[in-house]
There are 4 protein chains.
Amino acid sequence: MNAIGVVTKEIDEAKGTKYHDNFIEFLKYYQANDLVGSTAQTDVKGDRKARPSQQEDPDLYVHVVKKTNKGIVVRGAKSHITMGPYVDEHLVLPTRSMTKEEGDWAVSFAIPADTDGVRIISHIVTPRQRIDLKAPYNIYGVADSVVVFDDVFVPWDRVFMCGEWEFAGRLALTFAGFHRHSYCGCKPAVTDIIMGATALVAEYSGVGNAPHIVDELTELMIIAELVYASGIAAAAKATKTSSGIYTPMFVYSNTGRYLAGTNIYHEYDILASIAGGLPSTIPTEEDWLNPETGPDLEKYFRRKPGISAEKLHRIYRFISDFSCSAIGGWAQYAGVHGGGSPVMEKIGIRSEYDLESKKQIVKYLAGIEDEE
Amino acid sequence: MNAIGVVTKEIDEAKGTKYHDNFIEFLKYYQANDLVGSTAQTDVKGDRKARPSQQEDPDLYVHVVKKTNKGIVVRGAKSHITMGPYVDEHLVLPTRSMTKEEGDWAVSFAIPADTDGVRIISHIVTPRQRIDLKAPYNIYGVADSVVVFDDVFVPWDRVFMCGEWEFAGRLALTFAGFHRHSYCGCKPAVTDIIMGATALVAEYSGVGNAPHIVDELTELMIIAELVYASGIAAAAKATKTSSGIYTPMFVYSNTGRYLAGTNIYHEYDILASIAGGLPSTIPTEEDWLNPETGPDLEKYFRRKPGISAEKLHRIYRFISDFSCSAIGGWAQYAGVHGGGSPVMEKIGIRSEYDLESKKQIVKYLAGIEDEE
Amino acid sequence: MNAIGVVTKEIDEAKGTKYHDNFIEFLKYYQANDLVGSTAQTDVKGDRKARPSQQEDPDLYVHVVKKTNKGIVVRGAKSHITMGPYVDEHLVLPTRSMTKEEGDWAVSFAIPADTDGVRIISHIVTPRQRIDLKAPYNIYGVADSVVVFDDVFVPWDRVFMCGEWEFAGRLALTFAGFHRHSYCGCKPAVTDIIMGATALVAEYSGVGNAPHIVDELTELMIIAELVYASGIAAAAKATKTSSGIYTPMFVYSNTGRYLAGTNIYHEYDILASIAGGLPSTIPTEEDWLNPETGPDLEKYFRRKPGISAEKLHRIYRFISDFSCSAIGGWAQYAGVHGGGSPVMEKIGIRSEYDLESKKQIVKYLAGIEDEE
Amino acid sequence: MNAIGVVTKEIDEAKGTKYHDNFIEFLKYYQANDLVGSTAQTDVKGDRKARPSQQEDPDLYVHVVKKTNKGIVVRGAKSHITMGPYVDEHLVLPTRSMTKEEGDWAVSFAIPADTDGVRIISHIVTPRQRIDLKAPYNIYGVADSVVVFDDVFVPWDRVFMCGEWEFAGRLALTFAGFHRHSYCGCKPAVTDIIMGATALVAEYSGVGNAPHIVDELTELMIIAELVYASGIAAAAKATKTSSGIYTPMFVYSNTGRYLAGTNIYHEYDILASIAGGLPSTIPTEEDWLNPETGPDLEKYFRRKPGISAEKLHRIYRFISDFSCSAIGGWAQYAGVHGGGSPVMEKIGIRSEYDLESKKQIVKYLAGIEDEE
């Protein structure tokens, strides 16, 4: 929403269009009805070496196939659309910058999820369900969808960009900048869980104060807090755009998201290293509940005196569900790619970085003078 | 087998026992009948701060509870016993060094898996079964077991150590040294799979030669080859023991295993980074086979020209099964802890390292002379 | 100054002393006369395993040896006092927390550098002086000093703490928190120089846009900006103390300083990797100026067309002076230890971290309930 | 020598030349007279984006400018020639592969260092000389030279390659493979010194057994032993060439050298981290010997009880000379680039790696079948 708000204003200023009014009206409707929306940005993209206009099939990036007085018709598919099945509206925007020839791919709009021609194909992942050792973690899951637009009609008042290719990259990157900023807030919460689980399993095993464990926990604190600090810096250095909406300082959105994205596997490694092998070999809940096998598991699941076998079953089962499972693997991938992969943050950082001024500092220090 | 062969001989030499004969007879029987055995080493261990003899329950490490003319009776449980349900024999040995007071815990023996009082409780993990897109990877799984010894009788000719506490650590570490050596051979094969999958998904996406991808692939090559090189060095520097069995040079067993163990999550990170988010969001095989959704997936699963949608489905589905799944999580844990955790290799390396000679070099270089 | 200002107020509030008035008067004098001061904090410390009161020689931490109506007499030595020879005043404060028995070591004061009994022994380091290829970098150096207090008299109005052992740790850590915050601002400037030099040498060699070089430069940007972001966060989350002085949020002072301290050698590695071996083998300026050898160096110092031999000499000579020199080694050590070593930041971070709340989150998720 | 021996034979076999006879005669002469030789391989190279034949000045790579009945005349310059001033003979070989048009640059020969037209311009670096605290480390230094060949005549019996461009890369890489193999043996000795110094300074400070220090020392052991193991593997898997000379398995020469080259700054970081700031701020030997300042330094240089102030001065002065000095910086650069930079090892590793077989493994596992 923020990104569309910012860029529709900029397009209107440059082109005399009315997209920002569309946005404001849509926003009022959205808030009045308390709707939930997806961000449908990532096209399926086809050949990674070719631009949108160079693909064998033009539909590999969502594009306009027809314009009428009443609206536009779009075709293509967006992928990795988290929570796809639950949303009221899809908010569609370009995934990258476009060239002059790619005006048809420079398209942004909002559309109800049940519009004709919109199809979703979802990938659902949930933790293993519990029989008796119920746990809040195990009652939620996640759904990602491919959202197909099969010649979908979008009325003009729902269109936020249509052909203004010069702004496609700006909209894509502005969304990324906001999204990565929010990542700086949400990603440390994943680290919190990893940190808490690591600390708890170490405590229950009687080694909560072992120096190498304390050291690893501190690593997790540092990762979490640096990501969060980068988010604070992005907010503290925010700038007001012509729409009145503030944008975070994107370099800090990017550095925070980058640090998170390059550490997620390392964090799981810390958890696995300290938890030991048990999360991967723990007998099933069925065996724990089975009167033939339960007593053995009760007797031999023992760590620090005073910690019950059930607590040990619960913490190891949680770690197993969290890190030895389909949803654990999903979370690792989401940690790397959600909100933009680290390689994208690197590109974002250097593309706007004033490297030239650093060269000038060194030229000064080294006594290098450039000829006029 | 190797470790028991080496250490039974050493015990016999020091104590005048006959364990090595027991071992030789058992080995002949084992080979003649082409049996499969487990190594049942890792005790459940209880409180990590307390020694075997200091646990609230003495059974938390396998120990001898009775000795008769005919044999011994043992109690306790071993955990993380891979392939537990399939073996003919369990080979049991201590998990650590023991003190003089811990003679009852210094016990090693072989016992048929169906002996009275032996119970196994298994954790089974397999890839998701395929309907139509059959793949060899998906037809195998793995089982780890808790093996309980509930007052199991072991005849004397199956006993390899019973009370010789001075040799408990030697046996534990000799096994570890052999096991970590074999890891230096088997672990690079896991890296081979990660490397092949990374290379293939990049090739199919049209970016097989992108510099940062080539660079990451080279990282994988280096990890695999350094682990393997360490194994070669361990073999090239092997020494003959009194039993006639050669032991690899353990420092190199340890350095190779350590490198593997500290890189497994990093390797999965490389695979995830280059594969992109799709392994975690790929629609199910059911949707691919479904006539309503299949055509969309066929149309939009497109990468490098000439690579069929089915090939893309197969490679992404494989990566998903390999890295976004219970068995993927299992493999990460096995990569960290199988054969001994990195922290154990570090202990192994420094415990036998001649650090003193390095200090002497520096004393010489710095002109430091110690007083007599 | 900030730390003394904060903590003197707190001592006065708790103890009814008048240290904060002393501080205010001193500050007025200091500002009115535009003085320069050192922070003399780090004691020589002796045996690292023993506390101040347990040392063989009590003077290994600065302490009070006598109190009179007029003032106190102190003895001991502070080390690593940067710019020691140039300051007007030494500001002395404890280097760590103290116990009840260590009141004599809980001492803070300001004293003119030329007071009787104050001696400085300095270590000076400067770049190699230039003959003809003059460069601003080469005209500055740095001096660190051991500052000895040989029974130095300090009048009461210059004393900021004397015996209030409960506040020794608070003062030490408050200073550290401010100092590490300033590090978050100054340290990225060192990275700027490394980044500029790396970029310039790559550009002059004709490979400024090579992918692996662009990637390494981005690494430097990320390090610099995350350190800086952590400083911004520390400021944005500052809290007002009873003295009216704001203290930065120390966890972010620490995370920023930690990231800087653990990356300084890595940054030099990047510079060295991209500069190639030449900074370590470049012939001397004498050879460049010598008519017998100069023409060879002129002819063979050639990189990208259009870059003069002199420019190449200047940039390589700068990098050599910056990274293959006594002052380069000094800067590496300063990067690790200046403002507190990474191991100290780790201690600082975890000592104030709310780890318990993270365990509670995991207990909730895992369904673990603690008994009352 | 080894590389020239191997490749001259291969050239002769392919081309019917007599270079291998030249090599054998030269080797006999070299051994009979117990000579010392340099390897003069690295050309000054000019623009890194351009090939030898594309440089503005053809002399930026050593090349043949004239051929006569009696021999050849060569021109150009080689740089980074370690020990240049001390050698009897320069052994010259190409620095890279050449194209058909670059036959004049495909040249290898041996020439006495005092031949007409050979000039060396050296960069000398030594530790600071000691006055009284003499130490073996401080009496040696190192010299690297630019070796200029200003129309130098080389008789035919000293020529090992002249125009056989197809073998230029082979000779360059064979030398690199041998050189990197020797690195796997010599580089761990540098780590030994860093390890010994780290251990000694920790011991003298009374923290030799602190967990984080023991852990860092183990890191150094692992680096040293993995590099060495890679060298053992390269030797164990050596293959005999047509000349009768064995070549190490180059992939392991490369992996070992790579690990060393990417860790040298990390090793210095470990030393600096544990030594603390003192190596960078230690007062000079003059101050230690000065009767006015010596007693203060004697009194306040105190660590673990029983370690004399002189020992502390010696160990810290050694570490200062080793890591806060021009020669320390030189050693860091040599650690990165000597024998070939890590980026070169990566290229070497992947260029000969059988990545295709890894893709085949994954195709099999994933059920991917290629069409004929």
* **Rounded FRET efficiency, nearest 0.05, which uses the C-beta distance separating A:K18 from A:S242 and R0 of 22 Å** => 0.90
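Which value results when the Cα radius of gyration for chain B is divided by 2.2 N^0.38 Å?
Relative to the rule-of-thumb radius for its length, chain B sits at 1.19.
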* **Contour excess over end-to-end distance, with Cα ends at C:L27 and C:E101 and 0.36 nm allotted per residue** => 23.5 nm
* Expected-Rg normalisation [2.2 N^0.38 Å, Cα atoms] applied to region B:171-359 -> 1.29
* Asked: Per residue of A:259-272, how many C-beta atoms from partner chains lie within 10 Å of its own C-beta, taken as a mean?
  -> 4
* Structure fact -> At the level of C-alpha centres, the distance separating region C:267-338 and region C:1-79, in angstrom, is 44 Å
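Could you calculate, for region D:298-372, the ratio of the Cα radius of gyration to the Kirkwood radius, expressed as Rg to Rh?
So for region D:298-372, dividing Rg by the Kirkwood Rh gives 1.49.
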* Structure fact -> Any residue on another chain or 5+ positions along whose placed amide H is under 5 Å from the amide H of D:V118 is listed here as D:D150
* Cα pair distances in region C:96-244, grouped into 5 Å bins until the bin that holds the longest one, percent each -> 2, 7, 9, 11, 13, 13, 13, 11, 8, 6, 4, 3, 1, 0
* Structure fact -> tail above 22 Å in the computed P(r) of region B:18-163, as % of all Cα-Cα pairs, reads 44 percent
* Dipole magnitude of the protein assembly as shown, debye to nearest 20 (Cβ charges: Lys/Arg +1, Asp/Glu -1, about Cα centre) -> 0 debye
* Asked: If we hang a label 7 Å off Cα along the beta carbon direction at A:D116, how far is it from the matching labels on the other copies, in nm, shortest first?
  -> 7.8, 9.6, 10.3
* **Rounded to 10°, Cα long-axis angle of helix D:342-351 versus longest principal axis of chain D** => 40 degrees
* Structure fact -> Lys and Arg at +1, Asp and Glu at -1: neighbours of B:G177 with Cβ under 13 Å from its Cβ sum to +2
* Number of partner chain Cβ atoms within 10 Å, mean per residue of D:124-136 -> 2
* **Across the identical copies, how the A:R51 labels are spaced - nm, sorted shortest first, 7 Å along Cα→Cβ** => 3.1, 7.2, 7.4
* Asked: Can you count the Lys pairs in region C:18-163 whose Cα atoms are under 25 Å apart, with each pair 8 or more apart or on different chains?
  -> 19
* Between 0 and 90°, nearest 10: helix A:2-15 axis offset from chain A longest Cα axis -> 10 degrees
* Asked: A:R51 versus B:I124, label points 7 Å from Cα toward the beta carbon: distance in nm?
  -> 5.5 nm
* In cubic angstrom, how much convex hull volume per residue do the alpha carbon atoms of the protein assembly as shown span? -> 225 Å³
* **Label geometry 7 Å along the beta-carbon vector: B:E298 inter-copy distances in nm** => 5.7, 7.4, 9.4
* Quick one: putting +1 on the C-beta of Lys and Arg, -1 on the C-beta of Asp and Glu, what dipole do you get for region A:171-359 around its Cα centre, in Debye to the nearest 20? -> 780 debye
* Whole-Hz ³J(HN,Hα) from phi, Karplus 6.51 cos²θ - 1.76 cosθ + 1.60, for region C:28-44, glycine and proline x -> 4, 4, 4, 6, 4, 9, 6, 7, 10, x, 9, 9, 9, 10, 6, 6, 6
* **Derived scalar couplings ³J(HN,Hα) [region A:297-314; Karplus, 6.51 cos²θ - 1.76 cosθ + 1.60; whole Hz; x for Gly, Pro]** => 5, 4, 5, 9, 8, 9, 10, 4, x, x, 9, 6, 4, 5, 4, 5, 4, 5
* Asked: Straight-line reach from C:K363: which aspartates and glutamates have a Cα under 17 Å away, not including same-chain ones fewer than 8 places off?
  -> A:D132, A:D192, A:E203, A:E310, A:D321, C:D354, C:E371, C:E372
* To do: Could you name the residue in chain B with the C-beta closest to the rotation axis that superposes chain B on chain C, along with the separation in whole Å?
  => B:P211, 2
* Hey, with R₀ at 60 Å, roughly what FRET efficiency would C:N290 and C:F153 work out to, going by the Cβ-Cβ distance, to 0.05? -> 0.55
* Structure fact -> Residue-normalised 222 nm signal for the protein assembly as shown, counting each DSSP H run of n ≥ 4 as -39,500 (n - 2.57), nearest 500 deg cm²/dmol, is -16000 deg cm²/dmol
* **HN-Hα J in Hz across region A:202-213 - Karplus 6.51, -1.76, 1.60, θ = phi - 60°, x for Gly and Pro** => 5, 4, 5, 8, x, 10, x, 10, 4, x, 6, 6
* Asked: Where q = 0.11, 0.25, 0.26 Å⁻¹, what log10 of I(q)/I(0) comes from the Debye formula for region B:167-254, counting one point per Cα?
  -> -0.43, -1.12, -1.16
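The numbers here are math on the coordinates, done by the rules we state, and not lab data. Quantities reported herein were computed from a predicted structural model and do not represent experimental measurements. With ideal geometry, Cβ positions are generated from the backbone for all residues, glycine too; neighbour counts draw on all protein chains shown.
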